[in-house]
Amino acid sequence: MSSASQNLQKSASLATASRNPPETNAEAESAPVHHKTSPLKGGIASRQQFSATNPTGENLDRNRKDLAGDMENHLAEVTDEEFLRMFVPGDDPTPKEQQKFLSFDEEKLKLAEPDMGREVIRVSKSILGSHEGNDLEARDTSYWPDPTDTKGKKRPDVVIYPKGGQASREYTLTEKNSKDKKKGKTTLADYDSNGGDKAANFDADQGEAPVTLQDQDQHLARVRWAWMCVPIELKSKSSRSAFPLGQQIFCNGGDESRAARGQLADYAARILRRQHRTFCFMITVTRTEARLLRWDRAGAVVTNSFDLTDADKARPLYIFLYRLSKMTPEERGYDPTVVPATDEEKELMRDRKDALPEGDYRRKRLEVAMKPGWPIYKVMIPQKAVVSVNAWRAVGEAKAAASASAGPPATGETSVPPPFYSEHTSPPSEDKNYRCFLIAGDDFSSDSPIGRGTRGYIAYDMETGRFVYLKDAWRAASSNSEIKTYQQLHENLVCFIATPICGGDVIESDDNLQQTRTQEVLSTISRHIHCRLVVEEIGIPIFDYPTGRNLVAVMLDTLLAHEAAWERANVMHRDISAANLLMLPDPESTEEIIMSGLLIDWDLAKYRNQLEKGSIDTRSGTWQFKSALLLRRPGMKQHEVSDDLESFMHVLTWLCLRFHKHDNSQGLQGYVTSLYDSASRNPKTKLMEGGQMKMKFISEGVSFVDLSERSLLKTLVCTLALLCKQHYAAIDLTGYLDKGADAIDVRYLRKERRRVGYRKDVKAVDIFRLRPEDTASKSAQLYLSTHEHFLNAFSDAVDMEGYFPEKVEDQFRAFEKSSAGDHVVRSSLPLESTGSKRASRESTADPERPAAKKRRTLSRKKGKKLCTTKKRLSAVVEDRRLRDVLAPTAEGSQAAREGTVATEEDIESGDVGYDATSEDSGDEDYDDPNDKSYVPGRRIQ
């Protein structure tokens, strides 16, 4: 028997030990802080998607340190015995099997990382291959990155892969790879769609000599994130270790250690992104010591370090690898509700994709998702999770009819809806228990290993033969189920929202809920539950808006959805961002407007009564578009309508900075970073804070973008800035401003900028509903306490005749040359195609949108009025009548407070929705004969 196998029988008790988590002293934990609203985590997941900098090149270390900062309160250290007992089920090796285990050579573990890797592979091979039926092997992956990886060519030192099948074909190198050079670069052109590698001529890296297969004793392999079972990261220096040796606090250390912890988090995020996992294992080796890790969406559990040169002390690694080799896929962390698609199913999805029109936006995105290297999977959702939106809306219509005959209800309070497994749920099919969907690569994914981990897929519905959209996420246990929120919205007849097909929390065949386990050993973090949602609509990113007028029209639709959700259904969205405002081809498209809006992602939404109670949790969200007040002092104020309305303004100005000519081009990247991305951790509260520039700009009444051309879009931007300024003037900002904010010189960042209302090129009459001379003599008002003023401003911009500036090429793309890379959010379609009305109409043959969302019956023809004001305002009046019947607030609806409801006479006279404090209607025409470039706004008569 080898020295490595001696005393391994001591671990037999671990196999039968209780799986109960270790006891924790709850009383020793400090009492949680109660916030008025859930403060943003401010981590990579909430900041990186729309960041002006990218975690590659010179920003790599900073990004990894940010990831390490995110993980700071999500790492738990346990003993190796506790780790094996809780998370690594299985039997111990027999004495015969132990004899095959090799011992580590101490001298080789003290050499450079390539030598360490060979030694780790040698010993791992002896453990994994100690019994028949093993399906794993360890390979050296330190030289060849994954060519399908679009977020940097990262390479773990050693990877444990499954043997055989498609996985082996993906990562195995061929003799042709002898031409490859160390740390070279590959592209998809070097990748064979049949699973092999073409002859690849890699770019030399500093002239290093080529490494052939023979040099590494046939243990070389390519990185394949989609097939990786367990990565092993090696460090030859303690200072570069994620968990330095000899530290009393296991996650201590300097900048290099923080970057190393961020590196491990990055690896975990990539595995969880590319695979369908409930958790994943990892191993770190620093010279002669090792640790085991287990990652899930709540955090990571890390063992104490143990010595590999002592056979007895190295026992945890031997036991782990042995049990790993005998585990089922579920025990290794693979999601049993997602299985590889069969060849017939893959061909079916490809045929359906190819049947879409050539210019269809769904086909373009599917071609990206189905590129080689992204396996096709089948997602199985129980039939009992299928819902009927028609039944939901029928409930709402019946409630509206009953309320109209009986009068408004006594209170506007709406309770949380019942579980979605209701009488309105479609009955299970007799011949199968699951609704199945085929998916390939993700359409969107999170960059963080913890939190919601949202991923989106264009999916093929095998029951209907149509493409739909599938969302996969891990919600906090304290949050609302998104599909229940959709039920609440549809039962209150909210339009411009998605149409669910099925969804809910993921339940496995044994009726167990898929949830995280890190919280079992770290009681200060939240439990997360795996959930899915499938909807009919496949939205177009708002970045692809064809014209400025279409952009404003789409945002108006989403504003109407937001208003109805709050006023009727008592639901606050709380995550307004550029990613959550989508477009759909409008079936009633005209010359001017060909897109309608869709407000999605209600998983962070709260009900009115929940907002009033406050929260003790932090939450995810999109950092760049949050209100200044929420960013400045997280948790200090309750999330209100005004916060979401301000987010709409930030989305509009961010898009204007990106796609329209403006006077901020000089130093644009630095300007965008300072304005939208800035974040720092408060050392006292440990919460991320930001919004310093936003606060100053809004308080000064300065719009965030200085559009070069005078237009309706420029006037709208200025209107929104003025509304926010007046709202902030009515708020006690004590506690929000500090010396740092007061020291900001707005003039330095915005040369020659004037406050709204005093600029020569913005006339008072151009402000649609709220004009400077109307507010100069008045006390400040909470103009954003309702949707009224924002809706008026957006509606006027859509309905007025006037000039909108042309959309230009993506100005953020210039950031790529310095640091932005793939994290500058790109449009899914090229600019020239988004501006083609014909191409857009060709893609609407199967719009896949419910009839309930149709909003316009307008006539927009060349040389005629843009819209029929009577019809548009009539729809708004009817919408508000319905709102008053369904869910008037405790104070009463706007119409009820004024003691009147708009009539047809009001519509005819054009008085509906106008600012009652304005002295004139603003209906006259305006012209500037001295400026031919100025196309003023003119209200349609």
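Assorted remarks:
- Taking region 546-635 as the region of interest, the helices (runs of 4 or more DSSP H) fully inside it that hold 2 or more residues being small (G, A, S) are 548-567.
- Test: residue in region 683-694 that is of a type in the set (S, T, Y) and over 28 Å from the mean Cα position of the chain (by Cα): no
- Residue within region 722-740 that is aliphatic (A, V, I, L, M) and at pLDDT below 50 present: no
- Screening F648, F704, F697 for residues that are part of a loop (DSSP other than H, G, I, E, B) and either of a type in the set (F, W, Y) or in the same structural domain as N73 (by the TED database) (or both) leaves exactly one candidate, F704.
- Residues of region 308-361 that are of a type in the set (F, W, Y) and surrounded by fewer than 18 Cβ atoms within 10 Å (Cβ to Cβ): none at all.
- Residue among I525, I497 that alone is at pLDDT 95 or above and touching a helix residue (DSSP H, G or I) at 6+ places or on another chain (Cβ under 9 Å): I497
- Filtered residues of region 121-139 (kept if at pLDDT below 95 and either open to solvent by less than 10 Å² (accessible area, probe 1.4 Å) or among the hydrophobic types (A, V, I, L, M, F, W, C) (or both)): S130
- Subset of region 518-554 that is among the charged types (D, E, K, R) and open to solvent by 10 Å² or more (accessible area, probe 1.4 Å) - its residue that is farthest from V506 (Cα to Cα): R549
- Residue ID - most open to solvent (accessible area, probe 1.4 Å), chosen from residues in region 487-517 that are within 30 Å of D586 (Cα to Cα), among the β-branched types (V, I, T) and assigned to a strand (DSSP E or B): I501
- Some residue of region 420-438 being aliphatic (A, V, I, L, M), modelled with pLDDT of 50 or more, surrounded by 19 or more Cβ atoms within 10 Å (Cβ to Cβ) and within 26 Å of A605 (Cβ to Cβ): no
- If you check V395, V379, V386, V339 for being in contact with a Lys or Arg (Cβ under 8 Å, 6 or more places away or on another chain) and closer than 30 Å to R568 by Cβ, only one passes: V386.
- Hits in region 331-345 (condition: without any contact (Cβ under 8 Å) to a residue 60 or more places away in the chain and of a type in the set (D, E, K, R)): D343, E344
- Residue satisfying all of: in region 602-656; basic (K, R) and at pLDDT below 90; surrounded by the fewest Cβ atoms within 10 Å (Cβ to Cβ) among these: K613
- Residue in region 74-95 that is of a type in the set (S, T, N, Q), surrounded by 20 or more Cβ atoms within 10 Å (Cβ to Cβ) and in contact (Cβ under 8 Å) with a residue 40 or more places away in the chain present: no
- Test: S193 is part of a helix (DSSP H, G or I), surrounded by fewer than 16 Cβ atoms within 10 Å (Cβ to Cβ) and at pLDDT below 90: no
- One residue from I501, I439 being under 15 Å from I381 (Cβ atoms), touching a Phe, Trp or Tyr at 6+ places or on another chain (Cβ under 6 Å) and not assigned by the TED database to the domain that holds G69: I439
- Comparison of F697, F659 shows that the only residue that is closer than 25 Å to P546 by Cβ and either hydrophobic (A, V, I, L, M, F, W, C) or touching a residue at least 40 places away in the same chain (Cβ under 8 Å) (or both) is F659.
- If only residues of region 691-715 that are open to solvent by 10 Å² or more (accessible area, probe 1.4 Å) and charged (D, E, K, R) are counted, the one that is farthest from H727 (Cα to Cα) is E709.
One line per residue, one yes/no per condition, for (1) at pLDDT below 90; (2) in contact with a helix residue (DSSP H, G or I) (Cβ under 8 Å, 6 or more places away or on another chain); (3) under 18 Å from V552 (Cα atoms):
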site: V765; (1), (2), (3): yes, no, no
site: E773; (1), (2), (3): yes, yes, no
site: K778; (1), (2), (3): yes, no, no
site: Q781; (1), (2), (3): yes, yes, no
site: S785; (1), (2), (3): no, yes, no
site: F790; (1), (2), (3): no, yes, yes
site: D799; (1), (2), (3): yes, yes, yes
site: P805; (1), (2), (3): no, yes, yes
site: G821; (1), (2), (3): yes, yes, no
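The values are calculated or read from the model by the stated rules, or taken from the named source; none is laboratory data. Only a predicted model underlies this, so the values are computations on that prediction, with no experimental measurement involved. As a convention, Cβ positions derive from the backbone with ideal geometry for all residues, glycine included, and neighbour counts pool all protein chains shown. The area values use the complete protein model at the heavy-atom level, side chains included, leaving out ligands, DNA and RNA. Shrake-Rupley method; radii C 1.70, N 1.55, O 1.52, S 1.80 Å.
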